[in-house]
Amino acid sequence: MILQQPLNENLELIARQVVEGFILGLHKSPFHGFSVEFAEHRLYNQGDPLRHIDWRVYGRTDKLFVKRFEEETNLRCCMVLDTSSSMQFPRDSGRINKLQFSCVAAASLLQLMKRQLDASALAMFDESVYYMSDCRSSHSHYRMLMNELQRTLDLQTDNKVTNAAAALHLVAEQMHKRSLVVVFSDMMDDAEHMEDLFSALQHLRYNKHEVILFHVVDGAAELAFEFENRPYEFVDMESGERVKLQPHQIREQYIEKMNEFRLEVERRCHQYHIDRVAVDLARPVDEVLHAF
């Protein structure tokens, strides 16, 4: 499903189509049973389920042991969306923007969680967290989250800055049980706050959450800086700052700085054992999910 046009269809319908393509041929979701944590072995007693027998231990010891678990609940997952003004790029281009892409991807994952009876939550932030739901698996809760994402699709705000660090710290504190936290952001925070941002990502891992960062960018404009060789006025969507220049005068320096930034994000994610998924708006949502 290639989403290059503005989203006029129902978001839930689009998500359902993405998920149906995504799970085609899959025998079992890699997400299912994520929060089941092994505790210890104990001797097999007659009547114990055979599926809990550890056959590897049996092969080594010739004795039957079963695995005991601390908890046997389904996955708890929290979708965290950056809705700051930079996520609304590109505007008025006839193409899907970063926020719309994130909404479709988040809705697709919510649809997947719903099919598995897993519990989901949704948090949205710009300069602060302005929406955060409980983590539940009921159908009414799923409908509420989809409605929130549907309303967010056409969001347009000016000069809404990003404070991802504070948002992620809050999510780390509010998610009391071990969960999967999926973050959608362009990571376009103020450079002086980058250490705070990485500290917040580390906080999530310290609280034993698994973290996936979907790093969403417009590859042509924001990475390759592909603009015609003529004068432009560039506007910072978060601060409103304007600068007039010709792209070819700074293109090499810009690309070098962006590559340094991208590599630093990638390095920190690897350091903190965070899965980073590089997302280019030129790729369709289902292709990104399949690749991941």
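The values are calculated or read from the model by the stated rules, or taken from the named source; none is laboratory data. Worth saying up front: this structure is predicted, and the values here are computed from it rather than measured. We place every Cβ from the backbone using ideal geometry, glycine too, and count neighbours over all the protein chains shown. Remember, those area values only see protein heavy atoms, side chains included, never the ligands or the DNA or RNA. Shrake-Rupley method; radii C 1.70, N 1.55, O 1.52, S 1.80 Å.
Restricting the search to the stretch 262-292, which residues are of a type outside the set (D, E, K, R), open to solvent by less than 50 Å² (accessible area, probe 1.4 Å) and in a helix (DSSP H, G or I)?
265, 269, 285, 288, 289
Pairs, please: C-beta under 8 Å, at least 6 apart or cross-chain, first residue free of Cβ contacts under 8 Å to residues at least 40 places away in the same chain and in the stretch 97-109, second open to solvent by 10 Å² or more (accessible area, probe 1.4 Å)?
Final answer for the pair search is none.
So, in the stretch 237-254, exactly how many residues are of a type in the set (A, V, I, L, M) and within 25 Å of the chain's Cα centre (by Cα)?
Looking only at that region, the number is 1.
From the list 128, 120, which residue is small (Gly, Ala, Ser) and more than 22 Å from residue 199 (Cβ to Cβ)?
Criteria check complete, one pass: 120.
Each row is one residue, and each column tells you yes or no for (1) touching a strand residue (DSSP E or B) at 6+ places or on another chain (Cβ under 7 Å); (2) modelled with pLDDT under 90; (3) open to solvent by less than 60 Å² (accessible area, probe 1.4 Å); (4) part of a strand (DSSP E or B).
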residue: 212; (1), (2), (3), (4): yes, no, yes, yes
residue: 216; (1), (2), (3), (4): yes, no, yes, yes
residue: 222; (1), (2), (3), (4): no, no, yes, no
residue: 225; (1), (2), (3), (4): no, no, yes, no
residue: 229; (1), (2), (3), (4): no, yes, no, no
residue: 239; (1), (2), (3), (4): no, yes, no, no
residue: 244; (1), (2), (3), (4): yes, no, no, yes
residue: 248; (1), (2), (3), (4): no, no, no, no
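Which residue is surrounded by the most Cβ atoms within 10 Å (Cβ to Cβ), if the candidates are limited to the stretch 29-68 and must be modelled with pLDDT of 70 or more and of a type in the set (Lys, Arg)?
Across the stretch 29-68, the extreme among qualifying residues is 67.
Which number in (1) touching a His at 6+ places or on another chain (Cβ under 9 Å); (2) more than 30 Å from residue 134 (Cβ to Cβ) marks the one condition that residue 263 misses?
With respect to (1) touching a His at 6+ places or on another chain (Cβ under 9 Å); (2) more than 30 Å from residue 134 (Cβ to Cβ), residue 263 is out only on (1).
Can you list the strands (runs of 3 or more DSSP E) lying wholly within the stretch 96-191 that have 2 or more residues being surrounded by 22 or more Cβ atoms within 10 Å (Cβ to Cβ)?
Answer list for the stretch 96-191: 119-125, 180-185.
Does residue 91 satisfy being open to solvent by 70 Å² or more (accessible area, probe 1.4 Å) and in a loop (DSSP other than H, G, I, E, B)?
Yes, satisfied.
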